[in-house]
Amino acid sequence: MQTIVTDSPEEAAGYLNAGGIVAFPTETVYGLGAGICRPEAVKKIFRAKGRPADNPLIVHIPKPEDIDTVAREIGEAARELIRHFFPGPLTLVLKKSFTVPSEVTAGLDTVGIRCPSNAVTKRFLGFCHCPVAAPSANISGRPSSTSWKAVLHDLEGKIDCILKGTPSDIGLESTIVDCSGAQPRLLRTGAVTIEELQALIPEIETAVICSNDEPPKSPGLKYPHYAPVARIRLCATGEPVVSAKDSSSAWIGMSSPPAAGRHAFIRQCGTTGEYARILFDFFRQCDALGIDTIYCELPPDEGIGRAIRDRLTRAAAGH
Ligand code: AMP
Ligand code: MG
């Protein structure tokens, strides 16, 4: 299959409306989409990514008010979250409406829904004939794509089209809150922080976000994620880290590395926002350079720092 690369949202939507699968930019990471009214196209997403069939996709809507076309029984907490964070980097899990086929939700009665804020994404979704089911546009288990070139690297020849945009502003996947049960519950950390969620919904359950419990609340949580080919080593600030066994190593963090001269590649981030934005691209660059170990300094456990720590911990567990 030839993969068309375009900067026209209308052209990209044309491929999707014809039953194709199309990668597109968003403010979180790049997505790989199919129309929810095209179950056969939705299945192609799983094949292209090598994604386990029981890991559901997030449905993307162009406008907040479209939520009522894909979800039902939307409670007051969910309405409050929609008012504050749609459009934006928040996914809500709600009871699904009949318009969402089981291919999208992996057989669940609930569906994850997001309304992106990126202007190009909005234009693209506006040209699509139905809401767009999309996971991140990467090979399953690997770092998410935060640029169209990363998508091309992973998925060229496997998807119909890539809509070109700028690199993702946030660089980490959306925050996910499950509002389908009696009490709202955080399933994945992201740019909408725990502090912001608690300010709005004090009763939100935030404790279990990385659970391997059976059955997991969010099916995707049980699979390896975000891992580059290089080994990930997590370290605390100031910890001496380099091992004599590393033939080539890299460092990413907020401080300067304790053994700067030993690393082939270093990124020192000025803010946690910058750390989040460049993390997955840094992993990909390390793989391109043949780095064998990446030392990752854990950022403070607050704000988006929590989401960075979550992704780093899971990337480290992928080996
Ligand atoms: P990705 O967009 O690649 O990050 O994958 C979507 C994430 O959303 C996965 O971790 C899924 O498990 C999660 N997700 C999607 N739909 C649901 C749902 N109905 N219930 C719980 N988690 C969901
Ligand atoms: Mg993903």
note = Going through region 154-176 in order, the residues found to be outside any loop (DSSP other than H, G, I, E, B) and within 16 Å of ligand 1 (Cβ to nearest atom) are D154, L155, T175, I176
Answer residue from region 273-295, given it is of a type in the set (A, V, I, L, M) and not in a helix (DSSP H, G or I) and is farthest from P143 (Cα to Cα) among those = I291
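Looking only at region 116-158, how many residues end up being over 28 Å from P64 (Cα atoms) and of a type in the set (V, I, T)?
So the count comes out to 1.
Of the residues that make up region 145-153, is at least one outside any helix (DSSP H, G or I) and surrounded by fewer than 22 Cβ atoms within 10 Å (Cβ to Cβ)?
Of all residues in region 145-153, those outside any helix (DSSP H, G or I) come to 145-147.
Next cut, surrounded by fewer than 22 Cβ atoms within 10 Å (Cβ to Cβ) only: 147.
Within region 145-153, one or more residues are outside any helix (DSSP H, G or I) and surrounded by fewer than 22 Cβ atoms within 10 Å (Cβ to Cβ).
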message = Step by step: first the residues of region 240-259, then only those that are free of Cβ contacts under 8 Å to residues at least 24 places away in the same chain and open to solvent by 50 Å² or more (accessible area, probe 1.4 Å), then the one that is nearest to G305 (Cα to Cα). Which residue is that?
response = S256
message = It is to be established whether one or more residues within region 38-52 are more than 15 Å from ligand 1 (Cβ to nearest atom) and touching a strand residue (DSSP E or B) at 6+ places or on another chain (Cβ under 7 Å).
response = yes
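The values are calculated or read from the model by the stated rules, or taken from the named source; none is laboratory data. Just so we're clear, the structure is a prediction, and the values are computed from it rather than from any experiment. Neighbour counts are summed over all protein chains in view; Cβ atoms, including those assigned to glycine, are modelled from backbone coordinates with ideal geometry. The protein model used for the area step is the full one, side chains on, heavy atoms only, and it has no ligands, DNA or RNA in it. Shrake-Rupley method; radii C 1.70, N 1.55, O 1.52, S 1.80 Å.
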